[in-house]
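Take a look at the structure below.
Bear in mind that the values in this text are calculations on the coordinates, not laboratory data. Keep in mind that what you see is a predicted model, and the values were worked out from it rather than measured. Note that each Cβ is placed from the backbone with ideal geometry, even for glycine, and that neighbours are counted across all protein chains shown.
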Amino acid sequence: MRRSILACGLLLAFAGMASAAAAAVGSGTTSEGSAVSSQSSTTAVVTTRSATVDRRRVAHWRRHILSFRAGARRWLTVIRGRPPGNARRSLAAHSLVGLRRLALTWRRREHAAWWRANHPPHFTGWLCIHHYEGSWTDSGGPYWGGLQMDLSFQATYGGWLLRHKGTADHWSPLEQVWVAVRASRVRGFSPWPNTAHYCGLT
C-alpha cells in the first residue's frame, strides 16, 4: 500500500514539473514576442520622426530658394529695366542635399545682382548730375525725376517702367540711374550737356 502511495506521489510530482516547464516555455515565447513588437513600434516612431524632420528641412530650403530667386529677379529688373525671362524649374525633383546646394547658388546670384544693381557705371557722376537737375520725385513735366527725363526718353530707355510704374518720378533712384546708363551707352552724356560737363563726365 505504501509503495502504491509513493508511486502516485512521484507521478504527481513529475506531472507538476512538466506543467511548470511548459508554462515557462510559453512565458518565454510571449516575452520574446512582446520584445519584437516593442522594437517594431520604436523603429516606426523613429522613422516617422525622421520623415517629419526631412519634410521640414525640404520646406526650409525651398522657401530660401524662392526668396533668393525673387531677390535676384528684383535686382535684375532694376538693372535691365524689365523683368528677366521666367525660366523657373520645379524643385520637386531635388533631394535635400540638392536643395541646399541650389539655395546656396541662388544666394550667390542674388548677392551678385544686388551688388551690380547698387554699383552702376559712373554712379558718382550720375549723383552729381542729379544734384544739378532735380529731385528724384520731381513730377513737373515736361521733365520728370532726378535726371530730368522727358516722356520720349523714358519710353525709349525705360519703356517697361513707364508702362508699369508711371513716369520717372515714381521710379526708385537706382531705376532712374540705370535707365540713364542704358541711354548713355547709345548717346553718351549728350542728354545732359551742361550738368555732365560740370560733373567732369564730358
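Only Cα pairs under 8 Å and 6+ residues apart enter the sum, and on that basis the relative contact order of region 123-198 stands at 29 percent.
With all projection directions averaged, the alpha carbon convex hull of region 123-198 covers 4.3 nm².
Size check on region 93-142: the Cα extents along the three principal axes, sorted descending, read 55, 22, 11 Å.
Quick one: net charge of residue 97's neighbours, Cβ under 12 Å, K/R +1, D/E -1? Net charge around residue 97: +2.
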